[in-house]
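Some notes on the structure that comes next.
The values are calculated or read from the model by the stated rules, or taken from the named source; none is laboratory data. Computed from a predicted model, the values in this text were never measured in an experiment. Don't worry about glycine lacking a Cβ; one is built from the backbone with ideal geometry, like all the others, and counts go over all protein chains shown. Ligands, DNA and RNA are excluded from the accessible area calculation, which covers all protein heavy atoms including side chains. Shrake-Rupley method; radii C 1.70, N 1.55, O 1.52, S 1.80 Å.
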Amino acid sequence: MPELPEVETVRQGLAKWVTGRRIASVEVRHPRAIRRHLPGADHFAAVLAGHTVIDVCRRGKYLWLPLDSGDAIIGHLGMSGQLLFQPGDAPDEAHLRIRFRFADGGPELRFVDQRTFGGLSVSPGGAELPAEIAHIARDPMDPLFSDADFVANLRRKHTEVKRALLDQTLISGVGNIYADEALWRSKLHGARPTDAITKPAAARLLGHVREVLSEALVAGGTSFDALYVNVNGESGYFDRSLNVYGREGEPCNRCGTPIRREAFMNRSSFSCPRCQPRPRRPVRATS
DNA sequence: CAGCTAGCCTGATTGC
DNA sequence: TGCAATCAGGCTAGCT
């Protein structure tokens, strides 16, 4: 499940292995892996061929690769997307969607995606933040991220705090796993109304978000199966450090109470019933 | 306008 | 054994 630490790990691998290389050809194996590109797969391949990757950037969970043509490749891994470097003679992966060959004849770049929630697109944005992802907020590791703005914007919203953490226009890079982990560290239940969170509590929560993201980044990310891997196909090991996510029924690492699992937006939230009591009242009366 | 949710997708797992 | 239902979940379009 690629969230910020996983995507940043992939970005670093890409930066090392693809910067400065000239794309020789692009092979699109599955049309759904190309996003918002009405001219079609052939055109997508044609506008990229012959151009050199000059950088690898990230905004939240999006990657973008400026080219010397002034265009940029935008990528999102979705749930199961992988960007892998492979020798040209390595057998095709079962879910190989897009293949990039390079003029230097070195390892090719493969976009592999089982569930096709991810995809690539081309933007004329170049080295600037592409317009397609301009709505994505800065992430909390970004030097230009404003803590004060985050606290103010969070408290201005009328929603539940976990929803807010997952809102990529408020703060980017946080997904279901790290949201649950940060809330546990802050002893907050995800259903707590954002407009009732004090400034200090919001600042503490932000600190815990930053803490869990940076610890996971050092560990190379989290993976429960082989779905998230770095560009060399290796999994991270932060899952050993998770305190609540996926630990239903297991003892809380703080108080020993069995971790609870609750339905949340057609998925799951994990929390400690004792450290993170549910708010007493619903967010807001409906009338 | 802000908040919310269905739907996208496939493989592993569970249930009958 | 075999088939069907369930679950995983980031993001966007479109609804209220």
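Numbers at a glance
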item: Crossing angle, helix A:4-18 versus chain A [Cα axis fit, 0-90 degrees, rounded to tens]; result: 20
item: Where chain A is the region considered: accessible area per residue in Å², 1.4 Å probe; result: 46
item: Simple label model, 7 Å out from Cα along Cβ direction - residue A:250 to residue A:146, nm; result: 4.0
item: Projected label distance in nm at residue A:104 and residue A:214, using a 7 Å step from Cα toward the beta-carbon; result: 3.3
item: From the C-alpha gyration tensor of chain A, square roots of 5λ in Å; result: 37, 21, 16
item: Dipole of chain A, positive direction: furthest Cα of A:33, A:120, A:212, with charges on the beta-carbon; result: A:212
item: Positive-end residue, segment A:47-109 charge dipole about Cα centroid, Cβ charges, pick of A:51, A:76, A:109; result: A:76
item: Accessible area of chain A belonging to carbon and sulfur atoms, whole % at 1.4 Å probe; result: 50
item: Loop sites in segment A:72-125: chymotrypsin sites (Phe, Trp or Tyr not before Pro), DSSP, at most 14 other Cβ within 10 Å; result: A:117
item: Net lengthening on full extension, residue A:158/residue A:203 (0.36 nm per residue, minus Cα-Cα); result: 14.4 nm
item: Positive-end residue, chain A charge dipole about Cα centroid, Cβ charges, pick of A:5, A:277, A:173; result: A:277
item: Assigned charges on the beta-carbon of Lys, Arg, Asp, Glu; chain A dipole about Cα centre (debye); result: 1480
item: Contact order relative to length of segment A:4-133, as percent, for alpha carbon pairs under 8 angstrom and 6 or more apart; result: 29
item: Amide H contacts under 5 Å for residue A:139, placed H, 5+ residues apart; result: A:60, A:172
item: Sites residue A:22 and residue A:131, calculated FRET efficiency, Cβ-Cβ separation with R0 25 Å, nearest 0.05; result: 0.45
item: FRET efficiency, 1/(1 + (r/R0)^6) with R0 25 Å, evaluated for residue A:261 and residue A:38 via beta carbons; result: 0.05
item: Under 19 Å from the Cα of residue A:162 - lysines, other chains or at least 8 residues apart; result: A:61, A:187, A:199
